[in-house]
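Heads up, the thing below is written out as structure tokens.
The values are calculated or read from the model by the stated rules, or taken from the named source; none is laboratory data. Just so it is clear, the structure is predicted and the values come from calculations on it, not from any experiment. Please note: Cβ atoms are built from the backbone with ideal geometry, for glycine as well, and neighbour counts cover all protein chains shown.
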Amino acid sequence: MSYGEILEIQGMRFRIIDEQETILKIRRLHKRYNKGKSNEVHALRGVDLDIRKGDMMAIMGPSGCGKTTLLNMIGHLDHNSGGEIIIDYLDTNKLSDTEMTAFRRDNIGFIFQLFNLFPFLTAVENVETPLLLKDIPSGVAREQAKMLLRDLGMGDRLYHYPLELSGGQQQRVAIARALINDPAIILGDEPTGDLDSNTSAEVMKLFRRINALNRQTFILVTHNRWIAEKCDYIVHMVDGKISHIENGPFLED
Amino acid sequence: MKVYTAALINKPSRQRNRELENKISSELRRAISAKSSQISSQELNTFLFVSGSKNGHFNPAIVDKVEKGSLRRIFEDYYKRNESRFQRYLKSNQELHETSQIIKNFVQEIDPSLGKRLVTNLEKLHNELPNIFRKISGKSFITVWDIDEIQEYRFFLSGFDFPFFTGYTQKNMNIASLVDKLLIVNFFMNFLTPSLQRFNDMRAVLVRLEEEIKKTHYRSFDDKLQEKFELFLRILVAKLSALEEVDNLIYRIFNLFEIPKMILTQYNLKSDFQDINTMIVTISDQINEGKTQLHELSELIQRCQKCFRDYLDETVNGVRIAESTQEFMQALKSMSKISIDLFVEAESLKMWSDFFGSDIPFFSFNGQLIDQSDDRPVIIDKDVILAVRGLFKNYNLGRNTVYALRGVNLDIKEGEFVAIVGSSGAGKTTLLNCMASLDSPDHGKVYFRGQDLHKMKDSEKSEVRLKEMGFIFQSYALLPHFNTRENVAFPADLVGRLSSGIKKRIEDLLRGVGIDQQATQFPAQLSGGQMQRVAIARALTNQPSIIFADEPTGDLDSVTGTQVMKLLKKFHEETKTTIVIITHEQDIAAYAQRQILMEDGVISKH
């Protein structure tokens, strides 16, 4: 038995929890935009959250509730206005900007709604970019990128440009790029938002597979209930705060 | 008399397709001794349609000569060249070369003869598959003769064992509109049996594999060998992952049969055509069988993927460390052999779905396209400001064709507030651009107040756009060197009516959208929400009768986006100007009176 494993006992499913394995600890997190000005927005109003290694979590809530802000804070794409985020026992408030960049690069993978692939690079070139930024020799980077794309069923599309790929295939390339560094945490902002329902289902299946395989932590912001129910639990947000946490497993449709 | 020919073509070889089109056109022209102007041709999806019409006497000998001789030769020649092209492509497939090398590196260690087996099987596949594709394609062409002077039809459906059909006119039978349906029926005649065979072969291998992998799992004490083994397993999982979309694509092809089945059954073809009815029933049965097979196959694929992934997991069937290389070789012999078959079958199925699955699933029926006599007046209701009829539009993107619009019909009434909703790639922007005459469709028409937009001269179109249409874009599209007031005044300036009345109107607009305080600021000094307000005001300057907005809130945060939509809604309520917005967000679409759902280039819900 190991942590994260889902046990099925008499038709009920249980997840084995180990407090030691909290990967992400958020305490009293605040974010204010345009601080001190007339149009000040208090986007996060004290968020407390513990996320364990290997969790697959969804954040839901109405527009403007702060869910994307929270995700950006976890991804350290923006500075917070108070509170702390501790990833793997590391207080990220204490990092310098350069340290922060390296930390982000090595520990966090991002998947966006609009894929953000470079249109002038082939699939394999898009995926190997993060490795090249880390000064990994190009031959090694290329091999790793190829293998990862193959794992995702994209073996025969290695040298296609993003425009030559379908939406689902582009998202696979984006996923491969997020995974190539083997990040501990993968953040997705509406990762299936632009895809039709069939393709979304495929992408979620893929996430679950990766999640089970590598015990990587997934945090997905979505407004789609169906997508959220594919996760272990759903964090609901209202007005910059967590209103409640809904624990899965959710019924299959 | 009229004649229609249709055939499957190989989309990527554009140059060769033009040649084919010319050859068939001139062949038909000769056959019925018509003028060039009486022959027309077009591509629809991955099929070519050529038709000709001529008043004159019918000569059955010529029909035979064309179908059995010249046309057949043209197609044979065309597909033969495609076959060798495809063979060359397979031989130079770098990815296949690399992955098969990884497989070979491992199986050779187990048994040298297995390496050879892999190479031989792959070679066999590379020779066979292009040949099978040629045979299927070669039997994909049909001709339909409408000999109105003797009220007779003749069909030649090359995929049938007895391809000739003749019969007499039934009332209300529009033969032109049946050509694409007959073409698809004919295609299924050749496509189904070998496809089902392929699924069966794949299934057999997977079943064998599942059985084999239930036995004890082994690992080698030799690290180098173990590393090769793990890479081998990873490649096999990857091969299976590449098949994940296959069932979806083949399902879509299968579903194409619904329409011809329904329509041809409705016509209840009699006498000689009876065979077609029988075939429709047979094909339906085969499709049902195919669907069941596909379903089983996709479950099997998932299970086998898991088997491979779990191979090294001690909790599944136990992992035994082989005491000697000899033991390891012996233990893995049988599994390696099956894995070779699996690799080859998976490759074959993938190519199958690439060949048939890249275009055909996006085929849409449109009998009117090939109906030469179609000059019937278009009926448009009086209160419709914008009517869209049978819109098709493709884009060629490198190796792919994007079927952006696949037969869109839509009426937008005067004063309506309509939202076109759909995920990206559904064709929303293409539709909007065609409706606003910013882009022209491949087929179909757009009528603005009953006038065919695409028949207008460019200058007329510009005038309609300037005076009757207003535009709001996601990226605002403001002129950076003009201030707010100048940006809003710009359209009025263009039509040359910057009178004092207009000037007052511009001030009203600035106030109306709430940017009068920023009237002298430049776009760079404004926030996203403010820029979109300027864009809205500008869209209203010339009091257009219709406003098009492409993702107007796309670049805005949700609070600002809501404000912008409320502004549009308020404006609509006050002026009853027609508004068409496109968005991928349900919340935004909810502001409109009517939502139109687009999916995959067609309107799926009104």
Margin query: For region B:282-307, which positions are within 14 Å of B:Val246 (Cα to Cα) and touching a Ser or Thr at 6+ places or on another chain (Cβ under 8 Å)?
Written below: B:Gly290
Margin query: Among (1) over 22 Å from B:Leu231 (Cβ atoms); (2) in contact (Cβ under 8 Å) with a residue 12 or more places away in the chain, there is one condition B:Ile321 misses while meeting the rest; what is its number?
Written below: (1)
Notebook entry, point to check: Of these, B:Ser353, B:Ser364, which one is in contact with a Gly (Cβ under 9 Å, 6 or more places away or on another chain) and either more than 14 Å from chain A (Cβ to nearest Cβ) or more than 26 Å from B:Lys215 (Cβ to Cβ) (or both)?
Noted result: B:Ser364
Margin query: So in region B:424-455, with the set limited to residues that are modelled with pLDDT of 90 or more, of a type in the set (Lys, Arg) and not in a loop (DSSP other than H, G, I, E, B), which one is farthest from B:Ile596 (Cα to Cα)?
Written below: B:Lys445
Next item on the list: Could you check how many residues of region A:42-60 are closer than 15 Å to A:Lys31 by Cα and among the β-branched types (Val, Ile, Thr)?
Entry: 1
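Matching residues to (1) in contact with a strand residue (DSSP E or B) (Cβ under 9 Å, 6 or more places away or on another chain); (2) surrounded by fewer than 21 Cβ atoms within 10 Å (Cβ to Cβ); (3) within 14 Å of another protein chain (Cβ to nearest Cβ):
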| position | (1), (2), (3) |
| --- | --- |
| B:Met202 | no, no, no |
| B:Thr216 | yes, yes, no |
| B:Arg219 | yes, yes, no |
| B:Leu225 | no, yes, no |
| B:Phe229 | yes, no, no |
| B:Ile235 | no, no, yes |
| B:Glu245 | no, yes, yes |
| B:Asn248 | no, yes, yes |
| B:Tyr251 | no, yes, yes |
Check: Out of B:Ser25, B:Ser13, B:Ser70, B:Ser36, which single residue is in contact with a strand residue (DSSP E or B) (Cβ under 6 Å, 6 or more places away or on another chain) and of a type in the set (Gly, Ala, Ser)?
Finding: B:Ser25
Next item on the list: May I ask you to list the residues in region A:44-82 that are of a type in the set (Gly, Ala, Ser) and either over 18 Å from the mean Cα position of the chain (by Cα) or part of a strand (DSSP E or B) (or both)?
Entry: A:Gly46, A:Ala58, A:Ser63, A:Gly64, A:Ser81, A:Gly82
Next item on the list: Would you please name the residue that is surrounded by the most Cβ atoms within 10 Å (Cβ to Cβ), looking only at residues in region B:378-423 that are at pLDDT below 90 and under 15 Å from B:Lys605 (Cα atoms)?
Entry: B:Gly422
Note to self: Quick check on region B:351-364. Is at least one of its residues among the hydrophobic types (A, V, I, L, M, F, W, C) and touching a Lys or Arg at 6+ places or on another chain (Cβ under 6 Å)?
What the structure shows: yes
Checklist line | Residues satisfying the stated conditions in region A:129-138, i.e. over 30 Å from B:Tyr395 (Cα atoms) and in a helix (DSSP H, G or I) | finding: A:Pro130, A:Leu131, A:Leu132, A:Leu133, A:Ser138
Checklist line | Test: residue in region A:105-113 that is touching a strand residue (DSSP E or B) at 6+ places or on another chain (Cβ under 6 Å) and over 21 Å from A:Ser200 (Cβ atoms) | finding: yes
Next item on the list: List every residue pair whose Cβ atoms sit under 6 Å apart, with the two residues 6 or more apart in sequence or on different chains, where the first one lies in region B:422-433 and is within 14 Å of chain A (Cβ to nearest Cβ) and the second, anywhere, is assigned to a helix (DSSP H, G or I).
Entry: B:Gly422/B:Lys428; B:Gly425/A:Gly167
Next item on the list: Need at least 3 residues that are in the same structural domain as B:Asp439 (by TED's automatic domain parsing), among the β-branched types (Val, Ile, Thr) and out of contact with any Cys (no Cβ under 9 Å at 6 or more places or on another chain) per element, so show me which strands (runs of 3 or more DSSP E) inside region B:306-414 make the cut, counting only ones lying wholly within it.
Entry: B:400-413
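Rundown of residues vs (1) at pLDDT 85 or above; (2) of a type in the set (S, T, N, Q); (3) not in a helix (DSSP H, G or I), yes/no style:
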| residue | (1), (2), (3) |
| --- | --- |
| B:Ser41 | yes, yes, yes |
| B:Phe58 | no, no, yes |
| B:Ile62 | no, no, no |
| B:Lys68 | no, no, no |
| B:Leu71 | yes, no, no |
| B:Ile74 | yes, no, no |
| B:Arg81 | yes, no, no |
Check: Considering only region A:100-120, how many residues are out of contact with any Leu (no Cβ under 7 Å at 6 or more places or on another chain) and surrounded by fewer than 12 Cβ atoms within 10 Å (Cβ to Cβ)?
Finding: 1
Notebook entry, point to check: If you check every pair at least six apart or on different chains, which have Cβ atoms under 6 Å apart with a residue in region A:192-213 that is over 22 Å from B:Tyr251 (Cβ atoms) first and a residue that is modelled with pLDDT under 80 and surrounded by fewer than 19 Cβ atoms within 10 Å (Cβ to Cβ) second?
Noted result: A:Asp194/B:Ser424
Next item on the list: Select from region B:521-565 the residues that are in a helix (DSSP H, G or I), farther than 18 Å from B:His584 by Cα and within 14 Å of chain A (Cβ to nearest Cβ) and list them in ascending order.
Entry: B:Gly528, B:Gly529, B:Gln530
Note to self: When the residues of region B:73-103 are narrowed to those that are among the charged types (D, E, K, R) and under 24 Å from the mean Cα position of the chain (by Cα), which ends up farthest from the other protein chains (Cβ to nearest Cβ)?
What the structure shows: B:Glu83
Next item on the list: Scan region A:86-128 residue by residue and report those that are touching a residue at least 24 places away in the same chain (Cβ under 8 Å), over 30 Å from A:Gly168 (Cβ atoms) and among the acidic types (Asp, Glu).
Entry: A:Asp88
Notebook entry, point to check: Taking region B:168-191 only, how many residues are surrounded by fewer than 18 Cβ atoms within 10 Å (Cβ to Cβ) and not charged (D, E, K, R)?
Noted result: 7
Margin query: Can you name every one of the helices (runs of 4 or more DSSP H) wholly within region B:207-274 that holds 3 or more residues which are aromatic (Phe, Trp, Tyr) and in the same structural domain as B:Val344 (by TED's automatic domain parsing)?
Written below: none
Note to self: For B:Ile547, only one of the following conditions fails: (1) aliphatic (A, V, I, L, M); (2) within 19 Å of B:Val421 (Cα to Cα); (3) surrounded by fewer than 22 Cβ atoms within 10 Å (Cβ to Cβ). What is its number?
What the structure shows: (3)
Check: Considering only region B:527-544, how many residues are among the polar types (S, T, N, Q) and crowded, with 19+ Cβ neighbours inside 10 Å?
Finding: 4
Margin query: Yes or no: region B:68-75 includes at least one residue that is in contact with a helix residue (DSSP H, G or I) (Cβ under 8 Å, 6 or more places away or on another chain) and within 30 Å of B:Gly601 (Cα to Cα).
Written below: no
